[in-house]
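In what follows, a single structure is set out as structure tokens and then discussed.
The values are calculated or read from the model by the stated rules, or taken from the named source; none is laboratory data. All of these numbers come straight from a predicted model, not from anything done at the bench. As a convention, Cβ positions derive from the backbone with ideal geometry for all residues, glycine included, and neighbour counts pool all protein chains shown. Accessible surface is based on the protein model in full, side chains and every heavy atom, while ligands, DNA and RNA are left aside. Shrake-Rupley method; radii C 1.70, N 1.55, O 1.52, S 1.80 Å.
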Amino acid sequence: MKILLTTTSYQDTPGDHHQVLQDSGFEVVRARGPLNEAEMLDLIETSGGFDGLLNGDDEINVTVIDALLAAPTPLRVIAKYGIGLDSIDVDHATAKRIPVLFTPGVNHTTVAEHAFGLMIGLSKYFGMHLRETAAGRWTRKTGVELAGKTLGVVGLGRVGREVVPRGRAFGMDVIAYNRTWDEGFANQYGVTHCPTPQDVLEQADVVSLHLPLLPNTAEMVDAAMIGRMKDGAMIVNTSRGGLVVEADIVAACRCGKLHGYATDVLATEPMTRPHPFDGVENIFVTPHIGSRTIESVGRQAMRATKNLVNFLTGGDDYIQANEF
């Protein structure tokens, strides 16, 4: 069997997942993702197709899926290295009866830590201060404390639920939105329920976004929404860049409506230049590394590898995101 492996953190991080993939006996074609549609189509044409993908954030759209299915070696399974599926047309894969496997429960601690790191960095203007000291200057700007602020968590999935106790440990009041509400969890950590994401955004001093990118969440943080937020609010995004309108974020940061914006994700990745965020001192970006630690990569890579190998060899130890 032939596999396309594109995720770079999987390839670059040592661990037992490499041995498991090697022991499978599969032919492994390696590429450095994330790959766009043209790059995927070129690989399919030159390779003759793949039984399975072990992919990160490559563009797996209708055109790519159809090309994979029409290749001499037709696609049998997509094994996502991660949990975010917005780069994959899951509906089309489902219609074509292609299983989409994923890796829930392996990186929520790591991403929550990263979200809090972004909050701390944003509150103290780390982005600007790091740039200034690197340039040999001693420019200082007064930040704000997180203690006593209202932390708004938009989405209480695995990551959001890890952010909550960290906020409480920092002395923050916590409000949150989730489509379904766990009263026991809320009572345990003193979380106030908000009926909509917009209610969280309007009331919070610090907003942490933890929603998937869907038609009803895309660009939910736009100029109108920001206008209803508190003056000096902060937004941290470790979910998907498409949840915000980046141009509107820039305008709000430049005029001081927002204290700042810290993100691990962009609407288009990798970051293209020029970018709207360039030169905005109260915006800083990390390159989608929130889930990328030695510990989490090992867990995520092993789960993705087992998903792929077990599915293709007839085992039942895999986690499927779609149903048909």
Inset, instruction - Averaging sequence separations of C-alpha pairs under 8 Å and six or more residues apart, then dividing by the length of the chain, give the relative contact order as a whole percent. - result: 19
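Find the relative contact order for the stretch 110-175 and round it to a whole percent, using C-alpha pairs within less than 8 Å whose residues are 6+ positions apart.
34
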Inset, instruction - Report relative contact order for the stretch 122-229 in percent, whole number only (criteria: Cα-Cα under 8 Å, sequence separation at least 6). - result: 26
Legend entry - Accessible area, probe 1.4 Å, largest first, for residues W138, W181: W138, W181
Inset, instruction - At 7 Å along the Cα-to-beta-carbon direction for both H18 and I120, put a label point, then send me their distance in nm to one decimal. - result: 3.1
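Once you charge only the Cβ atoms, +1 for Lys and Arg and -1 for Asp and Glu, what is the size of the charge dipole of the stretch 150-193 about its Cα centre, to the nearest 20 debye?
Dipole size: approximately 140 debye.
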Inset, instruction - Working with all protein chains in place, sort D317, D248 by solvent-accessible area computed with a 1.4 Å probe, largest first. - result: D317, D248
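Residue separation times 0.36 nm, minus the C-alpha to C-alpha distance between A224 and R131: what's the value? Display every interim value, and only then the final one.
Details: separation 93, 0.36 × 93 = 33.48 nm, distance 3.11 nm.
So the extension gain works out to 30.4 nm.
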Legend entry - Accessible-area order (highest first, 1.4 angstrom probe) of the listed residues H275, H288: H288, H275
Inset, instruction - Using only the Cα atoms of the stretch 108-204, build the gyration tensor, take square roots of its eigenvalues as a ≥ b ≥ c, and label the shape rounded, prolate or oblate: rounded if a/c is under 1.5, else prolate if a/b is larger than b/c, else oblate. - result: prolate
Legend entry - Cα-based shape type of the stretch 183-310, given that a ≥ b ≥ c are square roots of the gyration tensor eigenvalues and the cut on a/c is 1.5: oblate
Inset, instruction - Write down the accessible area per residue of the stretch 194-244 in Å², having rolled a 1.4 Å probe over the full set of protein chains. - result: 37
Legend entry - In degrees, nearest ten, helix 108-123 long axis to first principal axis of the chain (Cα): 30
Legend entry - Exposure of H114 as accessible area (Å², to 10), given a probe of 1.4 Å and all protein chains: 40
Legend entry - Mean ellipticity per residue at 222 nm, deg cm²/dmol - from DSSP H runs of n ≥ 4 across the chain, formula -39500 (n - 2.57): -11000 deg cm²/dmol
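Where Lys and Arg each count +1 and Asp and Glu each count -1, what net charge lies around L85 among other residues with Cβ under 11 Å from its Cβ?
Net charge around L85: -2.
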Inset, instruction - Please give the contour-minus-distance gain from T139 to I289: 0.36 nm per residue of separation, less the Cα-Cα distance, rounded to one decimal in nm. - result: 51.2 nm
Legend entry - Label selected from (1) 1.15; (2) 0.97; (3) 1.00, the criterion being Rg/Rh (Cα atoms, Kirkwood Rh) as computed here: (3)
Legend entry - Inter-part distance where the stretch 114-160 and the stretch 197-229 are each reduced to a Cα centre, Å: 19
Legend entry - Cα-based helix-to-principal-axis angle, 294-312 vs the chain, degrees rounded to 10: 30
Inset, instruction - Can you send over the solvent-accessible area of I319, 1.4 Å probe, protein chains only, in Å² to the nearest 10? - result: 50
Legend entry - Gain upon complete extension [T73, T272; 0.36 nm per residue less C-alpha separation]: 68.3 nm
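Once you have a ≥ b ≥ c as the square roots of the Cα gyration tensor eigenvalues for the stretch 1-96, tell me rounded if a/c is under 1.5, and otherwise prolate or oblate according to whether a/b is larger than b/c. It would help to have the intermediate numbers written out before the result.
Working: a/c = 1.66, a/b = 1.34, b/c = 1.24.
Taking the square roots of the gyration eigenvalues as a ≥ b ≥ c, the stretch 1-96 is prolate.
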